[in-house]
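Have a look at the structure below before the remarks.
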Amino acid sequence: MASSSDNEEVRVLGKWASPFSNRIDLALKLKGVPYKYSEEDLANKSLDLLKYNPVHKKVPVLVHNGNSIAESLVILEYIDEVWNNNNNHAFLPQDPYHRALARFWCKTLDDKILPAIWNACWSDEKGREKAVEEALEALKILQDELKDKKFFGGETIGLVDIAANFIGYWVSILQEIAGLELLTIEKFPKLYEWSQEYINHPVIKEGLPPRDELFAFFKASAKK
Amino acid sequence: MGEVKLIGTHQSFPCARIEWGLKIKGVEYEYLKEDLSNKSDLLIESNPVHKKVPVLIHKGNPIAESLVILEYIDETWKDNNAHSLLPQNPYERALARFWAKFIDEKCVISVWGACVAQEGEEKEKAVEGAIETLSHLEKQIKGKKFFGGEKIGYLDIVAGWLSYWLSVLEELGEIELVNAERFPCLHEWGKNFINTSPIKDCIPPREDVLAYFSFGINYVRSMAPNKA
C-alpha cells in the first residue's frame, strides 16, 4: 500500500510500447502508488513533455508534486527512496555492496546488454552473424549474474528485475519478429525460467503491455 | 590498511573521480596502477564484464563503473566528519544523478566528437553540438560555487574532467569550448575546483594526459572512413 505521501500528485509521461517507460509503470504498481498516465506522441511532443524534460524531450518523465525527473533508472531510484516505508516493496537492499552491484547491473543492461540484443533483432544480413554473437554473449553474462536466484533481487523483484523488463518480455516478441532464437529455454535455461517467473508475477503481469498489441506494433516498425 | 584498493591509471579521469571521492572522505587506499595495454589478472577477475578501470576493491569485494563506485563510497563512509557527496533530499539526489548521466554520456561524447572531427562543416557542426551540451551545465552552475553548493559534491566530482582534461582535448582538437566569455560560471567553477584540496593533489601531469588523449584521437581519426 502507498505511504503517507499518497495524496501528492504523481504523473507519468510515457509511451506504452517503450520498455523504459514501462519500467516506471511497474515500479509504481509494485509500490502501490496511484498515478496519472499520459501517453506521449513523440512525433508531436506535448507542451508538458517539453516543459518537464527540456534537456532530452524524451519519455519516461515522472512528475511528483510539480517536480519532474527524467531518465528511467534515475526515476526508479527516486521512487524507491520516496516510497520507502515497511509496507512498500524495496527495490534496493540496505547493504551498500549489494546496492552497488544492482546499480552496476542496471547500467550494464542499458549500456551493453539491451543495445546488443536490439541490434541483433534489427540487423541486416551483412551484420547479422556478429550482432547475434554479441547478443548471445550479453545474455550469457546476464544469466551468469542471475545464478540460482529466483529474481536478480533474490526472493523478490528488485531494481535489476525492473530494469530487465526488456529481457523478460520484449525480447521474446522481437526475436520472433526477427526470426531469431536468442533467449530460449535450450540456450539459457536459468534466464528463461526467470523470464517466466517475471511475466507471471501478479503485479508485473498487470503492468506489462498486451503481447499481441506489442507484437503488432514492432511488426509494423519492421516493415518500414 | 589493505582494506581499500583502487585499480586505475592516473591519466584516466574516471579513475581520478574515485581518488577525489576517497580523499574527500578521508579514506586510506592502495593505488594499483594498471597497464591497459597488458591487463592484469586482478583487473580481469575484478571486472570480467567490462575489463575497464576504475575498479574499487573493498574487503575483497570489487565494484566497477565510476558513478556506481562514487555512490558506494558515499554510502559506506558516512560517519566520518567528511560531508555527504550526494544531497540528502531524494529530489535533489535524482537531479544530481540525472546531470551526472548527462555529463558522462552527452558531454563526454559531444566534446570528444568535436575534438576528433577534422576541419570543415563536420567539425563546425560537432563544435556547435558540444557548445550546446555544455550550455546546460552553465545554467546548472550559475549562482553556485560548486554543483554541490558550498562544498564539492558528487556532481562536481563527475564534472571534474571539465576543469583539466578538457583543456588538453581542446588543445589537441584545436578548438575552444569553455572560456570566460562564453561560459563564465562554468569557467569560474573549473578554476575553483582544480585549485581546491584534495582535488589538486591527485591530477596527473599534463604531458601524460596529452599523450593519452593524443593516442586515442589519432586512433579514432585513422579508423574514420576516407572522404571522397
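Filter segment A:38-76 down to residues that are within 11 Å of another protein chain (Cβ to nearest Cβ) and among the hydroxyl-bearing types (Ser, Thr, Tyr) and give me whichever is farthest from A:GLU8 (Cα to Cα).
A:SER72
Hey, which of the helices (runs of 4 or more DSSP H) in segment B:112-191, taking only ones fully inside, have at least 1 residues that are free of Cβ contacts under 8 Å to residues at least 12 places away in the same chain and out of contact with any Lys or Arg (no Cβ under 6 Å at 6 or more places or on another chain)?
B:121-141, B:165-173
Would you confirm, using the coordinates I've provided, whether B:GLN88 is on the phi < 0 side of the Ramachandran plot, in a loop (DSSP other than H, G, I, E, B) and either in contact with a His (Cβ under 7 Å, 6 or more places away or on another chain) or of a type outside the set (D, E, K, R) (or both)?
Spelling it out, B:GLN88 is indeed on the phi < 0 side of the Ramachandran plot, in a loop (DSSP other than H, G, I, E, B) and either in contact with a His (Cβ under 7 Å, 6 or more places away or on another chain) or of a type outside the set (D, E, K, R) (or both).
For the structure I just gave you, tell me whether A:TRP122 is within 14 Å of the chain's Cα centre (by Cα), surrounded by fewer than 20 Cβ atoms within 10 Å (Cβ to Cβ) and more than 10 Å from chain B (Cβ to nearest Cβ).
Criteria not met by A:TRP122.
I'd like the residue in segment B:69-97 that is surrounded by fewer than 22 Cβ atoms within 10 Å (Cβ to Cβ) and of a type in the set (Phe, Trp, Tyr) and, out of all such residues, is nearest to the other protein chains (Cβ to nearest Cβ).
Out of the qualifying residues, it is B:TYR91.
Going by the structure shown, is A:VAL12 more than 10 Å from every other protein chain (Cβ to nearest Cβ), part of a strand (DSSP E or B), of a type outside the set (Lys, Arg) and touching a Ser or Thr at 6+ places or on another chain (Cβ under 9 Å)?
Judged against the criteria, A:VAL12 is a match.
Would you be able to say whether some residue in segment A:30-37 is within 13 Å of chain B (Cβ to nearest Cβ) and not in a loop (DSSP other than H, G, I, E, B)?
no
In segment B:41-100, what residues are among the small types (Gly, Ala, Ser), over 17 Å from the mean Cα position of the chain (by Cα) and at pLDDT 95 or above?
Listed by number, the residues that qualify are B:SER46, B:GLY60, B:ALA94.
Quick one: is B:VAL55 at negative phi, touching a Lys or Arg at 6+ places or on another chain (Cβ under 8 Å) and of a type in the set (A, V, I, L, M, F, W, C)?
no
Go through segment A:67-174 and tell me which helices (runs of 4 or more DSSP H), entirely inside it, have 1 or more residues that are closer than 30 Å to A:PRO54 by Cα and at pLDDT 95 or above.
A:72-82, A:96-108, A:114-122, A:159-163
Please verify whether segment B:26-35 includes one or more residues that are out of contact with any strand residue (DSSP E or B) (no Cβ under 7 Å at 6 or more places or on another chain), under 28 Å from A:LEU76 (Cα atoms) and away from chain A (no Cβ under 13 Å).
No; the residues of segment B:26-35 include none that is out of contact with any strand residue (DSSP E or B) (no Cβ under 7 Å at 6 or more places or on another chain), under 28 Å from A:LEU76 (Cα atoms) and away from chain A (no Cβ under 13 Å).
Among the candidates B:GLU105, B:GLU138, which residue alone is touching a Pro at 6+ places or on another chain (Cβ under 9 Å) and either of a type in the set (D, E, K, R) or surrounded by fewer than 19 Cβ atoms within 10 Å (Cβ to Cβ) (or both)?
Just a single option satisfies the conditions, and that option is B:GLU138.
The values are calculated or read from the model by the stated rules, or taken from the named source; none is laboratory data. Since the structure is predicted, the reported quantities are computational estimates derived from the model, not experimental observations. Please note: Cβ atoms are built from the backbone with ideal geometry, for glycine as well, and neighbour counts cover all protein chains shown.
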